[in-house]
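Take a look at the structure set out below.
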Amino acid sequence: MLKRKVIRIYIGNMMWFLPVLILIMGVNPSVAGSFWWKALGFLLFAGIVVVCISSWLQVHREQRELDKKRLDYESVVYRQF
């Protein structure tokens, strides 16, 4: 479990570093006018989409966990009265 979480963090950090790497490569004029620039742009777009979707799923997962904890707490409080 912990290993998967660490891998997820590393992948997330790499996904945020990818645009910087692509823009640095785009400074080179031979790359900016080639097919590789279009391929890197597609990778950048796909990376942004993946980061957005994974962040959205993580927020919903955390929200479900909070709702479950709240319901468990409320049921304990109601049983006390």
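The values are calculated or read from the model by the stated rules, or taken from the named source; none is laboratory data. Everything numeric here is computed off the predicted structure, so don't read it as measured data. Each accessible area value is taken on the protein alone, full model and side chains, heavy atoms only, with ligands, DNA and RNA left out. Shrake-Rupley method; radii C 1.70, N 1.55, O 1.52, S 1.80 Å.
Couple of notes before you dig in:
- Coupling constants for segment 28-33 follow from the phi torsions by the Karplus curve (6.51 cos²θ - 1.76 cosθ + 1.60, θ = phi - 60°), and in residue order they are 5, x, 6, 7, 4, x Hz; glycine and proline get x.
- When nucleic acids and ligands are ignored and a 1.4 Å probe is applied, Met14 ends up with an accessible area of around 120 Å².
- Cα long-axis angle, helix 2-26 against the chain (0 to 90 degrees, to the nearest 10): 30
- Compared with the dominant Cα axis of the chain, that is its longest principal axis, helix 35-80 is turned about 10°.
- Count of Lys pairs (Cα-Cα under 27 Å; at least 8 positions apart or interchain) in the chain: 4
- Heavy-atom surface analysis with a 1.4 Å probe gives the chain a carbon and sulfur content of 72 percent of its accessible area.
- Three-way shape call for segment 10-56 based on the alpha-carbon gyration tensor, with the a/c threshold at 1.5: prolate
- Counting only protein heavy atoms and a 1.4 Å probe, the chain has 92 square angstrom of accessible area per residue.
- Gyration tensor (alpha-carbon) shape descriptor, the chain, a/c threshold 1.5: prolate
- Surface calculation, 1.4 Å probe, protein heavy atoms: Val6 sits at approximately 60 Å² accessible.
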